[in-house]
1. With angles folded into 0 to 90 degrees, how steeply does helix 159-173 sit against the dominant principal axis of the chain? Use alpha carbons for both and round to 10.
2. Between Thr191 and Asn332, what is 0.36 nm times their sequence separation minus the Cα-Cα distance? Round to one decimal in nm.
3. Consider a paramagnetic label point 7 Å from the Cα of Thr43 along Cα→Cβ; state which residues of the range 261-303 have an amide N under 15 Å from it.
4. Taking the inverse of the average 1/r across all pairs of different Cα atoms in the chain, what Kirkwood radius in Å do you get?
5. Given 0.36 nm per residue, what is the gain on full extension from Trp313 to Ala289 after removing their alpha carbon distance, in nm?
6. For the pair Ile228 and Thr138, what calculated FRET efficiency results from E = 1/(1 + (r/R0)^6), where r is the Cβ-Cβ distance and R0 = 30 Å, to the nearest 0.05?
7. So what's the Cα pair-distance distribution over the range 174-297, bin width 5 Å, in %?
8. In which sequence would His334, His282, His183 go, from the one with the fewest C-beta neighbours within 10 Å to the one with the most?
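Read-outs throughout are calculated quantities, based only on the coordinates presented, and are distinct from any laboratory measurement. Computed from a prediction, not measured in an experiment: that's the story for all the values here. Backbone-built Cβ (ideal geometry, glycine too); neighbour counts: all protein chains shown.
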Amino acid sequence: MNRRIKILLVLPLIATLGALGGAGVSGSSGDQVAVVGYSTISTAYSALETAFQATSAGQGVTFTNSFGASGTQAQDVAAGLPADVLNLSLIPDINTDVSAGVVPRNWQKNPISKPEDGFVANSTVVIVVRPGNPLGITGWNSLTQSGVQIVTPDPISSGSAKWNLLAAYYSQVLQGKKRTEPHNYLNSVITNTVSEPSSGSKALSTFLSGTGNVLLAYESDAQAALAIPADAAKMDILYPAQNILIQTPAALTDTGLQNPGAVAFFKFLFSDAGQTILAQNHYRATIPAGSKSLNRAFYSPKSLTTITKLGGWSKVWAQFFSSTGLFTRIENAHGYTT
């Protein structure tokens with residue numbers, strides 16, 4: 001059944017920003033912090049940075065920002081793009097910068113981000129359709145029907161695309177489909193794909209401009225668009241019964257660890273105040289203290305899997321995204337190649 005989500009009510013801050021600013025690591029007046037992130041989280045960081053600058057720890061701290069397709073951002077940082085704080089779509093993108101010697105290998109063990117293991121914000125994948133759901137899309141299984149024209153980002157550059165493919169594939173596994181059926185299903189989904197923009201934010205813009213009739217998107221990005229009347233008039237959101245938990249990691253780079261302002265801001269991201277701002281921007285909180293209350297407004301899939309349940313990123317990457325992985329082979333067969 002077609003459902004349009006109601007805009008989340010503004011959530012009260014668990015702790016006042018001023019009180020937070022007086023605790024823990026403090027920035028130094030004049031510190032400049034370089035933030036590099038995946039495309040769709042840029043608006044949330046604008047709010048986070050403004051709020052942080054209003055705290056005592058953020059006095060005098062300024063920011064530079066670079067947001068884009070997660071895989072491309074990771075490669076750019078490895079090639080020399082300045083970065084103190086990284087927030088990318090998935091762990092393999094962070095590991096690109098670990099391999100380049102930019103991020104310490106023990107980045108997930110940073111005491112600031114424990115016990116969340118560096119995951120600063122969560123989300124899920126949603127199915128966005130045209131107003132009134134003219135095709136009668138009911139969930140994942142509808143995406144293979146005739147007339148469906150899907151917009152989803154390019155999995156070569158975009159972390160969002162990789163999450164979309166995983167969610168689609170495992171929607172079939174979670175329904176008890178046998179081994180070849182999820183493969184055949186995904187092949188049909190790619191057959192119905194008409195556009196693969198380079199990032200999640202560009203995929204949303206492409207859909208809103210009139211391309212396709214189904215968009216696969218971050219729950220957070222779709223809900224943010226629904227809060228804009230001009231965009232809301234062009235879309236409805238469906239919340240599939242089967243899903244995967246999108247866990248987006250954040251890390252301090254080697255230069256960030258030496259930058260007091262970056263360390264203080266990184267701590268702010270994992271604070272009650274920072275997590276509340278992320279929730280106000282339609283991201284699911286990750287910290288134990290706030291996740292229950294802050295996440296109450298989000299929908300609960302009937303079946304939800306995680307990368308951990310699937311054996312971890314090393315296994316998932318080899319199985320699906322390596323040069324011989326299933327998703328790579330299917331994409332190449334349909335002409336989506338580097």
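1. Rounded to the nearest ten degrees, it is 50.
2. Gain on stretching Thr191 to Asn332: 49.6 nm.
3. 277-284
4. Value: 20.3 Å, from the Cα pair sum.
5. Length difference between fully extended and current span is 6.0 nm.
6. 0.70
7. With a bin width of 5 Å, the distribution comes to 2, 8, 13, 16, 16, 15, 13, 9, 6, 2, 0.
8. His334, His183, His282
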